[in-house]
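Only one structure is covered here, and it is reproduced in the block below.
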Amino acid sequence: MMNTPNISEHLRLASGRLQQCSESPRLDAEVLLAHVLSVPRSALITNGDAPLEGPLLAEFERLIAECQRGVPVAYLTGTREFWSLPLHVTPDVLVPRPETEELVELILARLPADRAASVLDLGTGSGAIALAIASERPLARVIGTDVSAAALDIAAGNASSLGLTNVEWRRGSWFDAVAQQRYDIIVSNPPYVASRDPALKALRNEPLVALASGPMGWEAFVAIIASAPLFLTNHGLLALEHGMGQAPALAAILRARGFRDISSHHDRSGHARVMLANFHASTEEPS
Ligand code: SAM
Ligand code: GLN
């Protein structure tokens, strides 16, 4: 008689099925099984010999099939860790990316912990950037905005699960969401994929409004940079995540709008992905 396949065996089979569609098939299989069994991932290793069958196996198989269809693991488990914060995510928000943590790191390096500051996160999605900054800088007052009401619901839920009270949420398109006041730091990871970029196919399960804002890919940057000087304090910082190959165009748009101290920062794979710039009030034309 054949033995019922155990946890180890099912993980091996599932990793094989995810080989074609995932960069980390074994990890994804473990995360999904740990989710189904409501145990930490480490328990799968220590209980590798335990049988897996019945409704739990059926649920695991269902999630593996969804994953093979391209649904992000984070949507299947409903959570994603960002900056060590467990965030609830649904298909209404972009799954926060590791490279966005580098944007947070660059901002924190310029935001002393003992100083009150105002921070505006445009297009906050799950709230990832706003919440990471709010958690690291209790003296900062952070506002996260989004055009999507559903995304703001997720962000607000994340703030309350994390017990963060120095962050608020506003709905609207870019600066329309906030009152005419000035912020020390404006940060954004806006949609920057060109609307006909074939890369969008692999991202089809995430909201299009989070990924694309026009045919060129830099339309959101143009909108944000045009108005940012009206919302930044003197010497205020604008911090933007962008796509591969967009740095020269972005730097030109920033320069044309009077930004200075423009610096480009690489991600861990060596691609320029973040741009920082300061606005000096003296270069703003009187209106
Ligand atoms: N900040 C989150 C992160 O880094 O994970 C989400 C970034 S996602 C790439 C871009 C976000 O911008 C989405 O949540 C989308 O809804 C929002 N968005 C798109 N167009 C917008 C607009 N015109 N005004 C404000 N937010 C917008
Ligand atoms: N980083 C996303 C990608 O996978 C794009 C997110 C965005 O448009 N800001 O390409």
What number results when the radius of gyration of segment 197-287, computed over Cα atoms, is divided by 2.2 N^0.38 Å?
1.19
Semi-axis lengths (Å, descending) of the ellipsoid that matches the C-alpha gyration tensor of the chain:
40, 20, 16
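State the percent of C-alpha pairs, over all pairs in segment 1-53, separated by a distance greater than 18 angstrom.
Values: 375 of 1378 pairs.
Value for segment 1-53 (Cα pairs over 18 Å): 27 percent.
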For Cα pairs less than 8 Å apart in space and 6+ apart in sequence, what is the mean separation divided by the residue count of segment 40-110, i.e. the relative contact order in percent?
18
Helix-only [θ]222 nm of the chain, DSSP H runs n ≥ 4, -39500 (n - 2.57) each, per residue, nearest 500
-11000 deg cm²/dmol
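Report the Rg/Rh value for segment 165-231, based on alpha-carbon coordinates and the Kirkwood definition of Rh.
On the way: Rg = 13.9 Å, Rh = 13.5 Å.
Dividing the radius of gyration by the Kirkwood radius yields 1.03.
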Using only the alpha carbon atoms of segment 1-123, find the Kirkwood hydrodynamic radius as the inverse mean reciprocal pair distance, in angstroms to one decimal.
16.6
Between 0 and 90 degrees, rounded to the nearest ten: what's the tilt of helix 7-18 against the longest Cα principal axis of the chain?
50
What is the angle, in °, between the Cα long axis of helix 149-162 and the longest principal axis of the Cα atoms in the chain? Nearest 10 is fine, range 0 to 90.
80
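I'm checking a number: the convex hull volume of the Cα atoms of segment 230-271, normalised per residue, in Å³. What is it? Intermediate results must be reported in sequence, preceding the final value.
On the way: hull volume 3.4 nm³, N = 42.
Dividing the Cα hull volume of segment 230-271 by its residue count gives 82 Å³.
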Going by alpha carbons, how many degrees (0 to 90, nearest 10) lie between the helix axis of 25-37 and the longest principal axis of the chain?
70
Descending semi-axes in Å of segment 130-197, equivalent ellipsoid built from Cα gyration tensor
21, 15, 12
With contacts defined as alpha carbon pairs under 8 Å and 6 or more residues apart, what's the relative contact order of the chain in percent?
12
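Expressed as a rounded percentage, what relative contact order does segment 1-159 have, with Cα pairs under 8 Å and six or more residues apart? Numbers along the way, then the final one.
Values: 211 pairs, mean separation 26.6, N = 159.
Rounded, it is 17 percent for segment 1-159.
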Can you tell me which of ALA43, ALA177, ALA220 moves the most in a GNM of the chain? Springs connect C-alpha atoms under 10 Å apart.
ALA43
Segment 102-220 - Kirkwood radius from inverse mean 1/r over Cα pairs (Å):
14.9
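Give the calculated FRET efficiency between ASN47 and CYS21 to the nearest 0.05, with a Förster radius of 30 Å applied to their Cβ-Cβ distance. Spell out each step's value before the answer.
Numbers: r = 27 Å, r/R0 = 0.89.
E(calc), rounded to 0.05, equals 0.65.
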Ranked packing of 137-144, 240-247, most packed first, by mean Cβ within 10 Å:
137-144, 240-247
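Just so you know, all these numbers are worked out from the coordinates, no wet-lab data involved. Model, not experiment: these values are computed from the prediction. So basically every Cβ, Gly included, is an ideal-geometry build from the backbone, and we count neighbours across all protein chains shown.
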